[in-house]
Amino acid sequence: MEIAKTEYLTQRFLYTSICDEDQAIFCDLYCSDVVMGKIMPKLTTEQAKSLFKDSLSNQQQHPHEFWCIKSIVSGQSIGIQGFMANPEQRKRGDAEFGILLKPEFYGNNVATESVTAMLFHGFQHLKLNCAHAYFNINNAAILKIAKKLGFTITVDDKQPDKMCCSISKAAFLSSNKDPKFDNK
């Protein structure tokens, strides 16, 4: 079954719905010690391929939830991002979000720009009411982004080495500047 692809833009990046050709970057990111170091143990190639297959299947059931991040200048794929939600979360309009970037694209506000664009898209077009992310307590980069974007940050009750950042649609839209992306 073919699904409709969505795209959205920021000044520097194009975000396209994941598709078969994104398997290589997906697996490279999930199999990297550097990328996964403060998130969870890296996956084996087989595990990453299986997760990619599941993500594509989920994309067919719930379109427009996972994107490949591409540089507008070079056309190079630099990362992936997306929303994950179980059926109960979907009913509430709540989703967990995540982003993985190639290490050479760390810094320079790449993650902030990408997360901001994804959240604007989620709140305005996917009708989300709330978004949240769990992260390692030592992940200073995610903590910085969460503070910058106005998230509420708490320690996870079930995992003291993890933190949770969350934000409502109203709080996000009232305190963040639209990155001026165009939807296609």
Return the label of the correct value of Rg and Dmax of the Cα atoms in Å, as calculated from the structure shown, out of (i) 15.5, 43; (ii) 15.5, 64; (iii) 17.2, 51. (i)
Counting only protein heavy atoms, what percent of the accessible surface of the chain is carbon or sulfur at a 1.4 Å probe? 53 percent
For residue 32, other-chain or 5+-apart residues with amide H closer than 5 Å (H placed, Pro excluded) are 43
In Å², rounded to a whole number, the accessible area per residue of the chain with probe 1.4 Å is 54 Å²
Taking H placed 1.01 Å from N in the peptide plane, check which residues at least 5 places from residue 176 or on another chain put their amide H under 5 Å from its amide H. none
May I ask which of 42/162; 91/144; 42/91; 38/144 have a Cα-Cα span longer than 25 Å here? 91/144; 42/91
Report the residue, chosen from 110, 35, 73, that carries the largest GNM mean-square fluctuation when the chain is represented by alpha-carbon nodes joined by springs under 10 Å. 73
On a straight-distance basis, which lysines could pair with residue 177 in a cross-link, Cα separation under 16 angstrom, same-chain partners fewer than 8 positions away excluded? 147, 148, 169
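The values are calculated or read from the model by the stated rules, or taken from the named source; none is laboratory data. Quick caveat: nothing in here was measured; it's all calculated off a predicted structure. Remember, those area values only see protein heavy atoms, side chains included, never the ligands or the DNA or RNA. Shrake-Rupley method; radii C 1.70, N 1.55, O 1.52, S 1.80 Å.
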